[in-house]
Amino acid sequence: MNDDLKQSAQRKLSFGATVKAVLWSFFGVRKKNDYEKDAAQLNPVHVLIAGVIGALLFIAALVTVVHLVVAK
């Protein structure tokens, strides 16, 4: 298990790059080359955090659109 922690700590992509990869995954379009690169370099903790934030923002946007439509 220590090897897994060491590998996670040595991942190179920043949180911003992780957010970009997560947003592309929400959209559903990704090149195989980019996917493989991301899978090798993304920090799993960053992916989890970015995914939760992205999901919350998506839900907030949907709720806002529904409120705007229903209000008219």
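Odds and ends about this structure:
- Considering only V69, A50, F15, the residue lying farthest towards the positive end of the dipole of the stretch 2-71 is F15, judged by Cα position with unit charges set on Cβ.
- Taking Cα centre as origin and charging only the Cβ of basic (Lys, Arg, +1) and acidic (Asp, Glu, -1) residues, the dipole magnitude of the stretch 2-71 rounds to 200 debye.
- Only lysine pairs 8 or more places apart, or on different chains, with alpha-carbon atoms under 15 angstrom apart are counted in the stretch 2-71, and they number 4.
- For the listed peptides 66-72, 39-45, 29-35, 53-59, a ranking on the average number of other beta carbons within 10 Å per residue, highest first, reads 39-45, 53-59, 29-35, 66-72.
Quick note: the coordinates plus some simple rules give every number you see, no bench work behind them. What you see is a predicted model, and the numbers here were worked out from it, not measured in a lab. Cβ sites come from the backbone with ideal geometry, for glycine too, and all protein chains shown count toward neighbours.
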